[in-house]
Amino acid sequence: MPSSLPFDRSNIQPGDRICVAISGGADSVALLFTLHSANTTLRESLGVGLSAVHVHHGLRGAEADADQQFVEDLCISLDLPLHLHRASVPERVIQTGETIEEAARAVRYDFFTTLIDSGHTDSVLTAHTLDDQAETVLMKLLRGAWTEGLSAIHPILTLPRGKVLRPFLNTRRSDIEAFLKQIKQPWREDSTNKDTTFTRNKIRRELIPQLRTYNPNLDQTLANLAELAREEESRWQAELSRLLPQLLLPGKPVRGGGRAVSTVPGQSAVSIELDRLRALDPALRRRVLRAAARQLGARLSFDETSRLLSLCGFRPDPAVAARTGASLHLSNHLRAARTARELQLFLQK
């Protein structure tokens, strides 16, 4: 085992200030040590500065307090600046209706954005591993994700004024723990990681071990799938950016020619000529419909997209009338109507 772990430094630029998000767990402790050991080289060659950030979520009581103290002591020993943030995830859950996992992530990333916007750092680095990537792909797959969902954790998340980087995405958790044991560096264990009422923990502790009996290299296979999906999605988005301005018509047609475009919130509309849709291949047709809905702030499920295709007459569905004047009520206040020439999508609140 090397004295430090390899990490992806391709997105670190000369003069960058980088900040490692550290929970106290093995992955983030290893990332901090790896960056710290590399910091001399980075500082001399690129002028890079290093700091750390820890978020206390207001969960797990004394255990979370001990995690914070551990992180504080570690940063003092490494002579690194530390940004601390305390929040109440339970309060956010009550206000937003998010799950605990969703709310905790939102709290973290809101503070990362604040650090970047205030000029304290240019990039925040998180310690997501290859194992995390595999788990995320499975979670997305089980929930019926499209290609963009299967791309799972991206190596880089671009924010308006900075980036969130994941330099450990190709590193296995077992290598991380072996590295920390070699350098005799302890870490903190989150007791909730054993709670299989959380979907990710259930997948990590129950489903993945079973699936590894079918494919011992399952984690790498799922990580490869994420990379393929990410590249496929990038290609599709480039194609959609080129085509959508030619396909989407704003508003609704009016008598005498022209189109009526509402400026009233909640009354946006777009239309697509049926002949233009008919000329597209099935894969592109689906994506154009979903992109049109996204322009109105709505997200289409697989079933809803299929119903729209049926409304246009592109696939049989006895429950959907493929004729002029037919309409559909979809989720997120989205409505669809078919005219003689167009499919119209609009919001009706």
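Readers should treat all values here as calculations from the given coordinates under stated rules, not as data from a laboratory. Everything numeric in this text was worked out from a predicted model, so none of it was measured. Virtual Cβ from ideal backbone geometry, glycine too; neighbours counted across all protein chains shown.
Contact order, relative form, for the chain: 14 percent (alpha carbon pairs under 8 Å, 6 or more residues apart, mean separation divided by residue count).
Taking His54, His329, His154 as the candidate residues, the one with maximal mean-square fluctuation in a Gaussian network model of the chain, Cα springs under 10 Å, is His329.
Based on the inverse mean of 1/r over its pairs of different Cα atoms, what is the Kirkwood hydrodynamic radius of the chain, in Å? Write out the running numbers ahead of the final one.
Numbers: mean 1/r = 0.0430 Å⁻¹.
About 23.2 Å, per the Kirkwood formula over Cα pairs.
Can you work out D for the stretch 172-227 in µm² s⁻¹ from Stokes-Einstein, where Rh is the Kirkwood radius over C-alpha pairs, the temperature is 10 °C and the viscosity is 1.306 mPa s?
Working: Rh = 13.2 Å.
It diffuses with D of about 120 µm²/s by this estimate.
The GNM of the chain, with springs linking C-alpha atoms under 10 angstrom apart, assigns the highest mean-square fluctuation among Ala291, Ala127, Ala62 to Ala62.
Show that you can apply the helix-only estimate: for the chain, add -39,500 (n - 2.57) for every DSSP H stretch of four or more residues, divide by all residues, and state [θ] at 222 nm to the nearest 500. Before the final figure, lay out the partial values.
Details: 13 runs with 160 residues, N = 349.
Calculated at 222 nm, the ellipticity per residue is -14500 deg cm²/dmol.
When the chain is treated as a GNM with alpha-carbon contacts under 10 Å, the residue of Leu115, Leu32, Leu274 showing the greatest mean-square fluctuation is Leu274. Applying both filters, DSSP loop and at most 16 other Cβ atoms within 10 Å, to the trypsin sites (Lys or Arg not before Pro) of the stretch 25-131 gives Arg60. For the stretch 146-236, applying the loop criterion from DSSP together with a ceiling of 10 other beta carbons within 10 Å to the chymotrypsin sites (Phe, Trp or Tyr not before Pro) yields Tyr214. Between Gln295 and Trp236, the contour length at 0.36 nm per residue exceeds the Cα-Cα span by 19.6 nm.
Compute the convex hull volume of the Cα atoms of the stretch 111-254, divide it by the residue count, and report the result per residue in Å³ as a whole number. Provide the component values of the computation, followed by the final result.
Working: hull volume 27.8 nm³, N = 144.
So the per-residue hull volume is 193 Å³.
Counting lysine pairs in the chain whose alpha carbons fall under 30 angstrom apart, excluding pairs fewer than 8 residues apart on the same chain, gives 10.
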